[in-house]
Amino acid sequence: MAFQYWISKKQPQKNKLLSLRGGYHGDTFAAMSVCDPQNGMHHIFNQVLPEHYFAPKPQTAFDQPFKKGDIAEFKAILEAHHQQIAAVILEPIVQGAGGMHFYSPDYLRQVRALCSEHNILLIADEIATGFGRTGKLFACEWAEISPDIICLGKSLTGGYMTLAATLCSDEVSQGICEGEAGCFMHGPTFMGNPLACSVANASIDLLLSQDWQANVKRIEATFSAELEAFKPLESVATTRCMGAIAVIEMKQAVNLAEIQKKFVAQGLWVRPFGKLVYLMPPFIITDKQIKKLMKGVYEVLSELQEI
Ligand SMILES: Cc1ncc(COP(=O)(O)O)c(C=O)c1O
């Protein structure tokens, strides 16, 4: 969408993206090319992926005062290359599979301002954060900003069917349609699958018909209280929680094959990656179930400590 928008605007040289290190956007080729080029699983494809720009991972944590200079390199890249950059793509507030990193809304606010100043579209990948996961319906709301394009998936159907959606502003859609092509030139066979769309509508209605904010706050409060027990563990570096996301960051990478068997023996399905043991349960989880989950995770992680 971003590329076609700039082709329509007679600026086809705007054919690069800028993303953040530590980001994760998926496994198709264009998506792989904007994932963190080092820490992800895609480096073996480096020779075949298109090259884009990367700014450092935001350093200021979600609840910290903004560190001066955190946005400096991002700004320098935009200033130097804005004529080639079609869009910035990032995961707002929570970088998910690239490190479960929660960063400052001030950073995001400044990104929005810089994109507007330099005539660059902002793409918010809310595939993991969308539909209440961080405590806001969309994570962009923490910074009170609107992206030009937003990517949705995962919770769009509550996980019941596969569906993703890419939404854009009127400016982007009109820009695309006013170009030579006249419409958006991209569409796979199963696009807009009616059954999946119907499931998505039902899931969104269900979410919005209840006090989901209070529910996510309840999950957050129970997670936060339960995470306290992990802090004294020798093998744990740090813990964090935001909305319905809990993260236990270990000092060393865990052995996935081994640890997963132990989780299963506890009756749990947890899939850590690297040093990160993270939990993103469905919102129907009860406090009792969260406690069972955290107790099982604690048993497994405290066993690691004894090795
Ligand atoms: C933020 C983010 N973007 C994109 C994706 C990729 O989505 P999909 O696997 O549906 O292509 C993921 C999946 O984990 C994600 O977390």
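Going by the alpha-carbon gyration tensor, a ≥ b ≥ c the square roots of its eigenvalues, is the chain rounded (a/c under 1.5) or, if a/c is not under 1.5, prolate (a/b greater than b/c) versus oblate?
Prolate, since a/c reaches 1.5 and a/b exceeds b/c.
Would you calculate, for the chain, the mean residue ellipticity at 222 nm contributed by helices, counting each DSSP H stretch of 4 or more residues as -39,500 (n - 2.57) and dividing by all residues, to the nearest 500?
-10500 deg cm²/dmol
Mind jotting down the distance between the C-alpha centroids of segment 107-141 and segment 236-258, whole Å?
First find each Cα centre; the distance between them is then 25 Å.
Taking neighbour Cβ counts within 10 Å as the exposure measure, how do Glu73, Glu228 sort from fewest upward? Let's see the in-between values first.
Details: Glu73 13, Glu228 9.
By the 10 Å Cβ count, ascending, the order reads Glu228, Glu73.
Just rank Val264, Val297, Val270, fewest to most, by other beta-carbon atoms within 10 angstrom.
On the way: Val264 12, Val297 25, Val270 18.
The order, fewest Cβ neighbours first, is Val264, Val270, Val297.
Using the Karplus equation 6.51 cos²θ - 1.76 cosθ + 1.60 (θ = phi - 60°), what ³J(HN,Hα) coupling, rounded to whole Hz, does each residue of segment 210-225 give in order, writing x for Gly and Pro?
Per-residue couplings from phi come out as 10, 7, 5, 4, 5, 5, 5, 4, 4, 4, 4, 5, 5, 4, 4, 5 Hz.
Would you work out the charge dipole size for segment 2-206 about its Cα centre, treating the Cβ of every Lys and Arg as +1 and the Cβ of every Asp and Glu as -1, and quote it to the nearest 20 debye?
Numbers: 14 positive and 20 negative charges, 60 e Å.
Result for segment 2-206 is approximately 280 debye, rounded to the nearest 20.
With the contact rule set at Cα under 8 Å and sequence spacing of 6 or more, what percent relative contact order holds for the chain?
Details: 518 pairs, mean separation 40.6, N = 307.
Worked out over the chain, it gives 13 percent.
Check which residues have an amide H placed less than 5 Å from Arg21's amide H, if you skip close sequence neighbours.
Amide H neighbours of Arg21, under 5 Å, 5+ apart: Ala55, Lys57.
Applying the Karplus parametrisation 6.51 cos²θ - 1.76 cosθ + 1.60 with θ = phi - 60° to the phi angles of segment 162-174, what ³J(HN,Hα) value in whole Hz is obtained for each residue in order, glycine and proline being reported as x?
Ordered by residue, 3J(HN,Hα) equals 7, 7, 10, 9, 10, 10, 9, 6, 4, 4, 5, 5, 5 Hz.
Which peptide among 111-121, 251-261 comes first, and what is the full order, when sorted by highest mean count of other Cβ atoms within 10 Å?
Answer by packing, highest mean first, reads 111-121, 251-261.
Taking neighbour Cβ counts within 10 Å as the exposure measure, how do Tyr107, Tyr298 sort from fewest upward?
Listing Tyr107, Tyr298 from fewest to most nearby Cβ atoms yields Tyr298, Tyr107.
Could you run the Karplus curve 6.51 cos²θ - 1.76 cosθ + 1.60 with θ = phi - 60° over segment 103-109 and give me ³J(HN,Hα) per residue in whole Hz, x for Gly and Pro?
10, 5, x, 4, 4, 4, 4
Straight-line reach from Lys217: which lysines have a Cα under 18 Å away, not including same-chain ones fewer than 8 places off?
Lys136, Lys288, Lys291
Would you pull out the residues with amide H under 5 Å of Gly135's amide H, same chain only if 5 or more places away, H placed 1.01 Å from N?
Residues meeting the criterion, in which the H sits 1.01 Å from N, are Ala244.
Computed from the coordinates by the stated procedures, all read-outs in this text should not be read as laboratory data. Computed from a predicted structure; not experimentally measured. Because the Cβ atoms are built from the backbone with ideal geometry, glycine has one as well, and the counts that use them run over all protein chains shown.
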